[in-house]
Every structure is written in structure tokens, then in C-alpha cells.
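S.K.: Got a structure here, written out as C-alpha cells. Questions coming.
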Amino acid sequence: MRGMSWIPDKWRRRRTPPGASLPERLYAHFPGAVMLLDAHGVVLDANPSVAQATGHAPASLVGQRVTILDEQPLRGPVSRALAECVQQRSAWRGLLHCRHADGHRLYLDTLVQPLVEGPHDTLRLLLIQHDVGPLLEPAIADRARLGRLEAVVAGLPGVVFQLHQAPRGALSFGYLSEGLSALCGLTPDAVMASPSRLLDRLVGDDREALSNALAQSSVSLEPLQLAFRIEVADGVRWLEATASARRESKGGTLWEGWLQDVTRRKEAERRTEHLISTDMLTGLLNRRAFFANGEAVLAHAARHGRRVPVAMVDLDHFKVLNDTHGHAAGDVALQRFATICRDSLRPYDLIGRVGGEEFALMLVDSEPEEACSVLERLRQAVADSELVLGGETLHFTVSLGMAFLAPGGDLGEALSRADRALYRAKRAGRNRIVGPEAVT
């Protein structure tokens, strides 16, 4: 063949003749495909091993375009490699996905070398390919398994995550599954590039709560479990993180776990808590909830060294109201009193129904004079109210007993003193306040 003086005629024989040179032997016995192509990719010659490498007989390839090996003959990787080699007039090397004659995929380590002996000679291309599929099979199998795993993880109703904390406290995400987009509208890549895009969305004190939980887990290596609120496009959502913790070799901490939306569960818990802490008739706190919330108020007051005004309130002549007008009238009176309390007291004051017609009050951050004024306003509002039942207009009043609870004191004991003051108010004629600084 003209332009192929570097290949003696005897090289084209399928058997190496005795005394053949090293190049001849390499051409005949190279464990892969060796082909000579013209500038358009037409096969001019092929070595015997091309059959084993590609499944095509050498004679069947001669005269055909080598792009027959491409999975997509018009725009496959072989076509692109040849085009780049011709355009650049320089060697191209890389891994190509090709198609065996029987249809299965080949992974061929490929070299395309331009051959030009002189400036006016016709360009030829030397194509050398070696099947590296057996070497890649473990990696290919692992990649396939990883792809299946990622598809499963992406379909889960939550987020698989890997969170790293450096020894100096900096946080970074090593992995976030695709579920993050549905959970909070942020892509995994965006958050892995800048964790603050997620962490800055935490609501109120929840960012500090997360920092504290991470610090505790980092020290103890106990599992992390924390629910927190995050701002999303349609409002606020509750998320819960559950993760195992382990120490890294350089002193950092790694958490691997699961992040899920628990908004519905939190709303159900809130509704349940409301039901078990609320008096169903009046909507005020019940006895259990009043004492539970009262302990928090007392702890706050103790830290600031302040006394807390407490009071016991009783509807006057309630039994007579029930006996005369029926229990429905008594229920209406209790509901009206609860409404007046909500209108007369401040939002942060506590009031609970602790008995049939008995109520307990805690006035938060109030001095004695202010407490007396608040309770007097409440007493007067009740006295001025009217109940219209069956065309009849009724009035009712309340009596109040007040006491002050010193920092570190006992709420039950203070309410007992307020209750004794309440009975003194009743004996004194009702519709009044009695206490350490009585108002009559």
C-alpha cells in the first residue's frame, strides 16, 4: 500500500514468518487491535488480534469506517477521537466505550496516532486499542450498585446526610441525598458548598439548640436526636435529625444519619398537649398545666430575685346560680368569666381552672401595687358584665384572695395562703379582694 512503507508486505500475513523482526512480531501478536486508517477513518489494514478484541474479522473491517465500533456510529466516542486527532495533528489517548460485534459493551484503552512522513504526504492514522474491561469490571459493578443505591435513597421520604465538625467547630456536609430539595427547597450541592444556606433557616432558638446538641454528642459520642424548625417557602416546617457519631482521626466528629419531616407529628403532639393541658369548658389551663407552667414562671422570678403575686378566685353564689337557672347557666357564667380574664389580664399572666368554680392566677413580673390594680380591674369587669339567658338578664361577681410567693418558695403553699384570703373575702361580703395589701 502506498503511504505504508513502515509496514513491510510480509506483516500482512496472518502468521509470523521465521526470523521476523520485533515490529513484525508485535504487529502480529499484540494482545489488542491495531489498525491503519485513512484520514476519514476507513480501515486500510488490521492485525489478527482485532478479531479477539472487537469480534470483527480483520478482512471484514478493511474498507469500512472504524466508527462501526461506536455505540452511536454518527456521533460516538471513536468519531470524536478521530476528529480531534486529525484536527490537532497530535496523538489522542483515552478510554472509549465501544460496541463488540455481538452487541456487548467494550471498554478500550485507545491511542490514535497521526502518521505523516513529509509535509505533502497523505495523512494516515494508527489506531491501537486494548480491552481493559476485565480490569474495570469490579469498578463497573460497584458503580452499578451505587447507582441503584442512589436511586433508592433519592426516593426515600427524607434525607440521608453526613455532617462533619472540624476540631475548631466548623460544620460541613460530606453528603446530602436528593430528598433535601423536596424537604426544604435547597439542592444538596448548594448546601454542601455553603452549609449556612440550610443552618441560617433555623427558627428562633433552634439554631442554638442544634449547636448544643452537636456539642454534647461530640463529647459523649452518643447518638444525635433533635427536632427543630426551619423556614421554607410555605411557612415553617419541623425536621428531626437522627444520627450516629464517631471521632475522626484528626480530632473532628462525623455524624451519619437521617433527616425527616416531622411537622404532622409535631402538630399532633401540640394538639394532644393542648387537649391534656386545657380545661374543655373554659379553654383556660387545667390544674396540671397551671402548676407545670407556674414552675417555669417561678424559676424565672427566682433568677431575678422577684416575688410573684398569686391569687385564688371564686364565683360568688355559684351554687345558687346552678340551682336556680340550671347547670347550663353555670357553664355560661364560667365561660364568660374565662373570656373576661383573657381580656383583662396580660397575655403572659397565668390563669387556670383548678376546681368547679375556682380559678388560680399568677401575675408575672408585677409589683404589689400593679398586681392589686390588675386584680381590681378583673373584679370590676366581672361585676359590670351581664348574662342574658332565656330573656332574663343575670349578673354575677367574684371574690379574690391574694398572696405573694417569695423567690424559691412553694407554689402550693402560696396558693393555700391565697385560698385562706379568699375565704376571708367571702366572709367579708364577697365581690372583693383580700390579701397582704387588700383592696375593698
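The values are calculated or read from the model by the stated rules, or taken from the named source; none is laboratory data. For clarity, every value in this text was computed on a predicted model and none was experimentally measured. Cβ coordinates were reconstructed from backbone atoms using ideal geometry, including for glycine residues, and neighbour counts include every protein chain displayed.
S.K.: Of all residues in segment 77-95, which are over 16 Å from V43 (Cβ atoms) and surrounded by 18 or more Cβ atoms within 10 Å (Cβ to Cβ)?
M.R.: First, the residues of segment 77-95 that are over 16 Å from V43 (Cβ atoms): 77, 80, 83-84, 87-95.
Result: P77, W92.
S.K.: How many residues are without any contact (Cβ under 8 Å) to a residue 24 or more places away in the chain, surrounded by 14 or more Cβ atoms within 10 Å (Cβ to Cβ) and not in a strand (DSSP E or B) when one looks only at segment 159-179?
M.R.: 0
S.K.: Sticking with this one: If you go through segment 320-328 one residue at a time, do you hit one that is under 17 Å from R287 (Cβ atoms) and surrounded by 14 or more Cβ atoms within 10 Å (Cβ to Cβ)?
M.R.: So far as segment 320-328 goes, no, none of its residues is under 17 Å from R287 (Cβ atoms) and surrounded by 14 or more Cβ atoms within 10 Å (Cβ to Cβ).
S.K.: Quickly run through segment 121-145 and pick out the residues that are within 20 Å of Y27 (Cβ to Cβ) and either within 52 Å of the chain's Cα centre (by Cα) or among the hydroxyl-bearing types (S, T, Y) (or both).
M.R.: Correct list: L127, I128, Q129, H130, D131.
S.K.: Kindly indicate which of A243, A301, A289 is surrounded by 17 or more Cβ atoms within 10 Å (Cβ to Cβ) and over 36 Å from the mean Cα position of the chain (by Cα).
M.R.: Within the list A243, A301, A289, the selection yields A301.
S.K.: Follow-up. Which of the residues spanning segment 391-428 are among the acidic types (D, E) and within 49 Å of the chain's Cα centre (by Cα)?
M.R.: Our first condition is that a residue be among the acidic types (D, E); within segment 391-428, this holds for 392, 410, 413, 419.
The answer is D410, E413.
S.K.: Within segment 341-368, can you find the residues that are without any contact (Cβ under 8 Å) to a residue 60 or more places away in the chain, part of a helix (DSSP H, G or I) and surrounded by fewer than 19 Cβ atoms within 10 Å (Cβ to Cβ)?
M.R.: R342, D343, S344
S.K.: Of these, E256, E208, which one is loosely packed, with under 13 Cβ neighbours inside 10 Å, of a type in the set (D, E, K, R) and modelled with pLDDT of 90 or more?
M.R.: Among E256, E208, only E208 is loosely packed, with under 13 Cβ neighbours inside 10 Å, of a type in the set (D, E, K, R) and modelled with pLDDT of 90 or more.
S.K.: If N322 meets every condition in (1) within 30 Å of L210 (Cβ to Cβ); (2) touching a Gly at 6+ places or on another chain (Cβ under 6 Å); (3) polar (S, T, N, Q); (4) free of Cβ contacts under 8 Å to residues at least 60 places away in the same chain apart from one, which number is that one?
M.R.: Tallying (1) within 30 Å of L210 (Cβ to Cβ); (2) touching a Gly at 6+ places or on another chain (Cβ under 6 Å); (3) polar (S, T, N, Q); (4) free of Cβ contacts under 8 Å to residues at least 60 places away in the same chain, N322 fails exactly one: (1).
S.K.: Residues that are modelled with pLDDT of 90 or more and in a helix (DSSP H, G or I): does segment 23-37 have at least one?
M.R.: For segment 23-37, residues modelled with pLDDT of 90 or more and in a helix (DSSP H, G or I): absent.
S.K.: Only one of these conditions is not met by L108: (1) in a loop (DSSP other than H, G, I, E, B); (2) in contact with an Asp or Glu (Cβ under 8 Å, 6 or more places away or on another chain); (3) of a type in the set (A, V, I, L, M, F, W, C). Which number is it?
M.R.: (1)
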